[in-house]
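S.K.: Below is one structure. I have some questions about it.
The values are calculated or read from the model by the stated rules, or taken from the named source; none is laboratory data. Bear in mind the structure is a predicted one, so any value in this text is a computation, not a measurement. Every residue, glycine as well, gets a Cβ built from its backbone with ideal geometry; the counts of neighbours run over all protein chains shown. In case anyone asks, the SASA skips ligands and DNA or RNA and just uses the protein heavy atoms, side chains included. Shrake-Rupley method; radii C 1.70, N 1.55, O 1.52, S 1.80 Å.
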Amino acid sequence: MAKKTVLVTGASRGIGKAAAVKFAKKGYNVVINCVHNEDRLMQAKKDIESFQTSCMAFVGDVGDWDTCASMFQAVKKQFGSIDVLVNNAGISYIGLLQDMSSADWDRIVKTNLTSVFNCCRLAVPDMVAAKSGKIINISSVWGVTGASCEVAYSATKGGINAFSKALAKELAPSNIQVNAIACGAIDTEMNRWMEEDDLISLVEEIPAGRLGKAEEVADLIYHLAYKSNYLTGQVIGLDGGWI
Ligand code: NDP
């Protein structure tokens, strides 16, 4: 059987890297991407290749259409079409809306939401032709409830949730499943800005009594990539019972 190919955006560290490693262990061809930390992306490539699988690393901003088009062209040349797309790249912005510049707004919308459009738009035609494919979008509990001082971030993640539900309906007749994972607080560099006291208070609010692990998100991503073709259009919470 031909090897399957997964593309994970934002995979130089954190959840994206954990997901890429998970697929590597399962024998997929793995495509990883990031925009800033090329060294770490190359280290992730080495780690993935240690599982005797092929890995392509592509440096570029997934919020930019032309960059994504080049990435998909390169992937097609090396591996053919993509079987699983994990839209994971994301940034946060903490601060009052009234202090946010329109440049920061544009940056977060492009990185978190336009990137999902770009990669889905480029992946879907081949998936439709193959009558199979899985799209997993990494969202947040803030996209469901909204968070003070994270208005833009919440809006992008809420957008991903609606995008996932709508695209799932559009693609179900073509046997392509689209789901989103609404993560709670996961122990990655995205949360390293928090002071020790804030972290303790946060953990006290989480019934599971701890932050989630990137590997736990990776397990759910993989599960959605190979399990039931009847599970689609869902925003699945992974938050230790927090929300
Ligand atoms: P990290 O900050 O650890 O990793 C983010 C990744 O995205 C990095 O690989 C980063 O690489 C990449 N990235 C950022 N901007 C771009 C871009 N424009 N183009 C390509 N890659 C980019 O965060 P997490 O692993 O925690 O986050 C992963 C996803 O999970 C995000 O979508 C986040 O919103 C979501 N999430 C995380 C939660 C958490 O508590 N950690 C909670 C809820 C959701 P580089 O900087 O090198 O480009």
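S.K.: Taking 37 °C and 0.692 mPa s as the conditions, I'd like the Stokes-Einstein D for region 1-107 in µm²/s, using the Kirkwood hydrodynamic radius from alpha carbon pairs. Display every interim value, and only then the final one.
M.R.: Values: Rh = 14.5 Å.
For the chosen part, D equals 227 µm²/s.
S.K.: Now for a different question. Tally Lys/Arg at +1 and Asp/Glu at -1 over every other residue whose Cβ is under 14 Å from the Cβ of Asp47; what's the total? Write out the running numbers ahead of the final one.
M.R.: On the way: positive: Arg13, Lys17, Lys22, Lys25, Arg40, Lys45, Lys46; negative: Asp39, Glu49, Glu215.
Net charge around Asp47: +4.
S.K.: Let me ask you something else. Bin width 5 Å, origin at 0, all Cα-Cα pairs of region 20-73: what percent of pairs per bin?
M.R.: Reading the bins upward from 0: 5, 23, 27, 20, 17, 7, 1.
S.K.: On average over all directions, what projected area in square nanometres does region 56-121 have, based on the convex hull of its Cα atoms? Please report the intermediate quantities before stating the final value.
M.R.: Working: hull surface 19.8 nm².
Mean shadow area of the hull around the Cα atoms is 4.9 nm².
S.K.: With a 1.4 Å probe and every protein chain left in place, work out the accessible area per residue of the chain in Å², rounded to a whole number. Let's see the in-between values first.
M.R.: Working: 11730 Å² over 243 residues.
Ligands and nucleic acids excluded, the result is 48 Å² per residue.
S.K.: Here's another thing I want to ask about it. Can you give me the % of accessible surface on region 138-243 that is carbon or sulfur? Probe 1.4 Å, all protein chains present, nothing else counted. Don't jump to the answer; show the numbers that get you there.
M.R.: Numbers: 2770 of 5300 Å².
Carbon and sulfur atoms account for 52 percent of the accessible area of region 138-243.
S.K.: If amide hydrogens are placed 1.01 Å from N in the peptide plane, which non-local residues have theirs closer than 5 Å to the one on Ser140?
M.R.: Cys183
S.K.: Let me ask you something else. To the nearest 10 degrees, how steep is helix 196-205 against the longest Cα principal axis of the chain, on a 0 to 90 scale?
M.R.: 80 degrees
S.K.: Taking the chain as the reference, fit the longest principal axis to its C-alpha atoms, fit the long axis of helix 151-171 to the helix C-alpha atoms, and give the angle between the two in degrees, 0 to 90, nearest 10.
M.R.: 30 degrees
S.K.: Right, here's the next one. Pull up all non-local amide H partners of Ile236: gap of 5 or more, or a different chain, and H-to-H distance under 5 Å with H placed in the peptide plane.
M.R.: When sequence neighbours closer than 5 places are left aside, the close amide H contacts are Ala180, Ile181, Ala182.
S.K.: Pop out the carbon and sulfur fraction of the accessible area of region 1-108 as a percent, whole number, probe 1.4 Å.
M.R.: Values: 2550 of 5340 Å².
Ligands and nucleic acids excluded, carbon and sulfur reach 48 percent.
S.K.: I've got another one for you. Over what distance in Å are the Cα centres of region 16-48 and region 146-178 separated?
M.R.: 24 Å
S.K.: Shifting gears a bit: Residues with beta-carbon under 10 Å from that of Ile82, excluding Ile82: net charge, scoring Lys, Arg +1 and Asp, Glu -1?
M.R.: On the way: positive: Lys4, Lys76, Lys134; negative: Asp83, Asp126.
Computed value for this residue: +1.
S.K.: Given +1 on the Cβ of Lys and Arg, -1 on the Cβ of Asp and Glu, and no further charges, what dipole in debye does the chain carry about its Cα centre, rounded to the nearest 20?
M.R.: Details: 24 positive and 26 negative charges, 292 e Å.
The calculated dipole for the chain is roughly 1400 debye.
S.K.: Strictly greater than 28 Å: what percent of every Cα pair in the chain meets that?
M.R.: Of the Cα pairs, 27 percent sit more than 28 Å apart.
S.K.: What is the pair-distance distribution P(r) of region 103-243, computed from all Cα-Cα distances in 5 Å bins starting at 0, with each bin given as a whole percent?
M.R.: Reading upward from the zero bin: 2, 10, 17, 21, 19, 14, 9, 5, 2, 1, 0.
S.K.: Then there's this: Taking K and R as +1 and D and E as -1, what net charge do the other residues with C-beta under 14 Å from the C-beta of Ile206 add up to? Walk me through the intermediate numbers first.
M.R.: On the way: positive: Arg210, Lys213; negative: Asp187, Asp198, Glu204, Glu205, Glu216, Asp239.
Every neighbour counted, the sum reads -4.
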